[in-house]
Every structure is written in C-alpha cells, then in structure tokens.
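Chemist: Below you will find the structure I want to go over with you.
A short reminder: the numbers here are calculations on the coordinates, not readings from a lab. The structure displayed is predicted, hence computed values, not measured ones. FYI the Cβ positions are ideal-geometry reconstructions off the backbone, even for glycines, and counts take in every protein chain you see.
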Amino acid sequence: MITAKEVDVDLICYHCGQPCDEEVNFIDEKPFCCFGCKTVFEILHSNNLCDYYNLSDSPGARVDLSDAGKYHYLDEPEVRKKLLTFESETFSKAIFYIPSIHCISCIWLLENLHKLDAGIIRSDVNFPKKSVTIDFNSSQVKLSRIAALLDSVGYFPSISLEGEKVLQDQSQKALVIKLAVAGFCFGNVMLFSFPEYLGIDHSDENLLRVFSWLNWSLSVPVFFFSAFDYLKAAWKSFKQKQINIDVPIAAGLIALFFRSSYDIFTATGPGYLDSFTGLVFFLLIGRWFQGKTYESLAFDRDFKSYFPLAVHKKQEHDWKPTIIYELRKGDQVRIRNMEIIPADCVLNSEQAYIDYSFVTGESKPIKVKVGDRIFAGGRLIGQPIEVVIDKPTSQSHLTSLWNNEAFRKREESNYQKIIDRLARVFTWIVMGIASATAVYWQVVAPKEMWLVLTSVLMVACPCALALAAPFTYGSMLRTFGKNNFYLKNADVIERMAVIDSVVFDKTGTLTHTKKPSVLFHGELSTQEMGYVKALTSCSTHPLSNLVNHFIRQTSNYSIENFREFPGQGLEAKVNGRLLRVGSAVFVGFKGLLPAQASCVFVSFDNEVNGYFTIASSLRHNIGQMISRLGHKCVALLSGDNDSDKVAMAQLFGNKVILNFNQTPHDKLGFIRSLQQQGKKVMMLGDGLNDAGAMKQSNVGIAITDDTGTFTPACDGILQGDRLHQLDDFLALAKKSSSILKVAFSISFFYNAIALTFAVTGHLTPLTAAILMPISSVSVVGFSTLAVNYVSRHLSKNRPS
C-alpha cells in the first residue's frame, strides 16, 4: 500500500470511483481507495462476476463506515437482546432483513462478509425471506458495525424490534400499493384509449392527442413507481456484474415506455401505453402470487407441518408434556439429558452444561449458573434442570437450527444444481433471441418491432421453473408432515428417492414400547427402587423410560454427578450412593443373560442388585413392511444382546445381516462400509445411540414415540406408529422426483411454445404478461394436485 501523495497523478478508485485521498491499494494495476473496496472487488473477481466493470465507470459503492453512528443504538443491551438469537463471549448470531437481496451477485457478496471484517465468522443468505444470518465474534466486532458494513456495501438493513414478520408485512404492503396504482392506471388508460379502439379517423386528431397525453400522464407513475423494482434490480445486476432475469423484463418495459413516449411527443402515433400499463399490472400480479405461494408454503413448514417438539411443563404439582408453541413467558419447564432447549429461558437449577452445537456448530458444552440466560436450540448435557421461559421461540427458528451447516449432508441437491446452471445462461439466451428477433422485425415490419421485442422479453420468464422444485417437494413435505413424518428440508426427499439400502436399529425402533412386559428380578428396597426411578427419569432412552414408568412410587431424590454413556447406561450419586443402571458389562454382571428379553441391570456401590427384563413386542405391521421393502432391507444393528436373535431372524429372513452388541462406532463403520460399496443408505434408529450412523448415512431417520427428543444429526423424525408405512414414504419420494420432472417439462414447453408465438408476432405484450402468472399457477397447481393424488392412500392407512 502507498499513499496518494506518493503518486504524481490523481487516482480514482476502480470500484467506487471516489478519489484515493489517503491510501492506495493496487490489484493488477487497478487502484482502490481502501481495503473494503479492494476486498469487494476480490470477492466478485474470484467468482467471475466482474464483467460489469467494463460497462460503467465506478459502478460500486465505497465501503465507508464513517457513518456508523446511526446504528449505535443496536449496541444497547435491551436492543441486542431483541435482535440477537444467540449470544456468548465469543459467538453471537443475528438475522437482518434486507429487501434489496435480489440475485446471485447479492448472495455471493453477502456470504463473503467475513472477508470484509475479521470479526464476522460466516453469513448465510435466505433468499426467499430476503434475510441474512450473520455469526460473529462479539468481542471483535459490534452489531452496529455489522449493520453499517451492510449499509456501506449497498444492502441497507431494515431493522424492526418487533421482528422480521413486521418487515415482511411492510414489504408485502408496498407491493400491494404498487399493484393498486398499476391497476388504476391500466383501467383508465384502457378507458382513454377508446378513440383508437373505436377507429376514430384523423379528422378528430385533437381528441386523439388529448387522450394520448392523458394516457402518458397515467403511465408515468406506473413506470417510475410501480415498475421501479424491476428497473432498480436490473441496474443493480449491471452494477454487480451479473445479468439476472429482471434485465429482459426491465429492457422490455423501458423499450415500450420510451417508444410510446417518442410516438406521443412527436405526434407520430398513440404509442402502446395500454400494453405497457397492463404489462406492469400483470407482472406485479405474478410477483404477488409468487410471494403468497412462498409465504403459504413457509407458514405450513414453520408451524403445523413441522415436528411437534414437546417438553415437560409444570402444571400444578405435576410435569406434563406441552407442545412448544403453547409455551408462554413465565412457564416453568423441566429439561432432561440430551433434550433441546425449546425457548430462551432463565436457569432455575444450580448449574447446567449446555451444548450449543445446534446453534454454533461447535460441540463444547458451556457451563451456566442459576439465573443465567439459556438460548433456544441448546441441548442439555447431564442431569435434568428446571428453567423459566423468558422469550417464547418459533418453530421456524428451530427449523433453521436443524438446518445448521454443521449438520448438513455432503451431497448437493441435483435439482438445485440444474436450476443454478440454467439461471446463469437463461437470461443470456433470452437476450440473444430478443436481439435476433428485433433485427428481423426491424427489417420486415419496423412498426411491429417494439411490440414483438417486448413480447419476447416478457414471455420467456423462468418463474414457473423456479417454482416447480420448491412446490413439488414443499407439497410432499406438507403431506409427510400430516402423516407424522417430519423432514429437515426438501433435499431429504430427493435423497430418499434413490435409497437402495435400509438399516434398522431394534430397541425403540422396531419394538413397541407402549405396552411392554417389564419385570424386576433381584432385591431392591422401596427406597432403592425410588433411587432407580430418579436416575432413569434423567434419560430419554426408550429403556430408561420403560423402567421409569414401571416404578410406581413417587421419587424426589436429588441426583449428583449424573453421566450417561451412549449404548451402555446411566451413572449418578443418589443420597451418597453410587448407582448404575444399564447393560451387564456396564454394571459388571458376570452371569448368564436371560433369553428372549432386553435386560437393564442395577448396581449400588459396584454391587449388582438385580435386573429388569423388558419383553417389547414388535410394532404394528412391521413384518409386512419389511416384506414390501424386499432387497432394500439389508441389516439390523442392535446395541442389545442377541436374546432376540431367533425372533429377528424369523422377521427379516436369512438374507438380512443381523448384528448385535453393536457400539455406536460399530454402527457408523457398518454404514460407511455399505457406502463404500456404492450403496445409498437410510438408517433408522432412536437418535440417541445412532447419531453417528445417522449423520454418516445418506438419510438418517429418528423413530420416536416421545416428540421431545431427537438428534440434530437426523434428517427426519418418524412417529413410531407410522413406521409400517416406511415403504410408502420411500415410494412417494421417488414419485415426487417424477412429478418434478413433469413440472420442469411443463415449464420448458410453456417457454418454447410461448417464445414461438412471440417471435413470430402472434403474441402481444399484454397477453405475454397475463401468461406469466398463468404459467406459474399451472406449475404450482399441477405439482400440488399430483402430490395430493399420489399420496391419497396415506390418509386411508392412518393408525387407529
């Protein structure tokens, strides 16, 4: 870096066009006035998005944080509390709503903010919601500086202490106002165009002129207000060296408006303002429809169709399961080991260890003390705690945590890759066709050229293509949710469609735990039995729950030094005595194991006192489901002993691998070995001892009868009484891929046919604008109806 004074000539920043007053940074002999401008250029250049620098001098905006003072209020504790979704000494998370997020350039730039400030850890754009989630080190960068940074690079953050929903409502309201203005002007332009429609001859030329000027006056607010978003988006895409789909739309609007203005100003004709205003009106209807469809899909996903996570809330003198969206501020909630914190709350217990890997991606537990705040999405490690709800959360927030980068599968979405590839070339193809069409019609029929050109630019819109995938898979997500199968995101359906190997866990997965036969063999006093109940109440494991429910007496004993060993058992001190509950090896049992039952052993102070036998029956219609899966069913991996080996062999047949006494590491290794053979593997388990195997698998499904527990490593949660329909769900996933291909075909055929009519001059701009929302409606309608049709039999097979 050198100073401007060391250079003989006045240097202008290559990015923002401002003078390099104090310092000069050079890249490939291009001067930059500051580190920010240089970094923005590097980000764009590294992603091949810099062509627009050749189109305009100084197209960028300077990264200037000198005006950061207007955001200082964001650093106030009460404001931070409302805006931050998570906060610790070195890690904080904030979500900003940015209406100007628009295209791939915006996404690239916003997801590389860490290159502009070292205090920003990562940023993730949610394009449909026009928001960016920023993880940052609060000891290195303030929230006000991040907001100022966004503002300085051209993405003004809309901040509302009432929440993102208020901002989205404001944005939707603005769209409705623009739509109303366009509709009013369109209707009146049609009315004032009656001299032309009625064929009034040139003897009434003055009347024609009056109405032409009235039409132009009504068209001005349509162009500069209603259509402004299209023009702004197109200009922004040029500034950020990327051509997006708004460019041909804006080009058509500009061509039609200025051509009509020229005709009216020079008295050479009435122009095409009826087509222009109608075009904007129907374009906005299409945008409104698209927004509403995404909104309805997101609402269903975030609320009713998302898994009903439940926790235990204190009601009078008992703890009762409660769905999280029924929690209110001040409610007292009990959290067990490995359960998710459902909302921001305050710790009532003495201390706790919280694993925030769900939020931060890092699994190191954080110690909190009585009175400390705990954030939604953390997971309790250790003995149960009691908390008081401070700020109820939304299920959409937990959905976003479930989709944290740390828990995503390595596989990319094939349909998303196709859409991304098409998006990069589609606009250029449309512009090429439009240019060739304009040249042809300028030679053949110059007067028709502008209308034909605008029709081509309008009709070739990939909106229907963009809606096909989210609505097909979104409708299937909704259908699965209504049938108690809750998936993390749409990509899971795509991966389910190619599954060729299914692996099962046994306990809590295949076995039924609602009416088991539980017996105790040994000697335990009533007090000692109460100790066992107190310890097993700390765990969410299916066998712990069965033992806990078997012991009838109340238990209020305090637990100390609680530990849970996955696949082995529980350990704690109760009233000063060391209690262990778990497998024979875990407690040190040396005798013969009982046959035909799962066993849970009990030892006090390293002396085995007895064991519980649990004879769980198989779930409803499991045998038929396994038979229908056929060759896809490849293995059973169980952490229990082989007491059920004969029964499992009868259930699965001799072609399925049966492995017992499997550790979590053994299960993970088995899944990996199948994948190394080229298999696409689905793992089904309880989500506790199978977390590693689920994360390794192509699709990991947690089977649960208690909706309060699951692992972030899983891709979906299936209610236990719907397991017998697993083959139906796999078949529906494959059908949804077929439906998506048909929806893609509809979109492609629409564009091909419409373009043919437009290029040959048989389509007016107004008709093209009407066809745009109709094409979207047709794709959305087809996807929804097709999904409902192929899944109709699921509702007929609901468990009684």
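Chemist: What does the highest-first list of 318-324, 618-624, 480-486 look like by mean Cβ count within 10 Å? Don't jump to the answer; show the numbers that get you there.
Modeler: Details: 318-324: 14.7, 618-624: 16.3, 480-486: 21.1.
In decreasing order of mean packing, 318-324, 618-624, 480-486 become 480-486, 618-624, 318-324.
Chemist: Now for a separate question. Which of the peptides 605-615, 378-388 is most tightly packed, and how do the rest follow, judged by the mean count of other Cβ atoms within 10 Å per residue?
Modeler: Working: 605-615: 16.5, 378-388: 21.3.
Packing proxy ranking, top to bottom: 378-388, 605-615.
Chemist: Moving on. Past 24 Å, Cα to Cα: identify those pairs from 173/391; 367/573; 506/695; 178/232; 488/667; 115/369, in the order given.
Modeler: Cα-Cα > 24 Å for 173/391; 115/369; rest within.
Chemist: Could you calculate the contour length gain from residue 592 to residue 326, that is, 0.36 nm times the residue separation minus the distance between their Cα atoms, to one decimal place in nm?
Modeler: Gain on stretching residue 592 to residue 326: 90.9 nm.
Chemist: Ordered by packing density, taken as the mean number of other Cβ atoms within 10 Å over each peptide's residues, highest first, how do 559-571, 528-540 rank? Intermediate results must be reported in sequence, preceding the final value.
Modeler: Details: 559-571: 17.6, 528-540: 22.4.
Sorting 559-571, 528-540 by mean packing, highest first, produces 528-540, 559-571.
Chemist: Can you give me the distance in nm between label points at residue 315 and residue 647, each placed 7 Å from the Cα along the Cα-to-Cβ direction?
Modeler: With each label placed 7 Å out from Cα toward Cβ, I get 3.4 nm.
Chemist: Once you place label points 7 Å from the Cα toward the Cβ at residue 563 and residue 87, how far apart are they in nm?
Modeler: Modelled inter-label distance: 3.6 nm.
Chemist: For the pair residue 370 and residue 734, what calculated FRET efficiency results from E = 1/(1 + (r/R0)^6), where r is the Cβ-Cβ distance and R0 = 51 Å, to the nearest 0.05?
Modeler: Computed FRET efficiency for residue 734 and residue 370 comes out at 0.45.
Chemist: Give me the one-decimal nm value for the distance between modelled label points at residue 519 and residue 73, 7 Å along each residue's Cα-to-Cβ direction.
Modeler: A separation of 7.2 nm, rounded to one decimal place.
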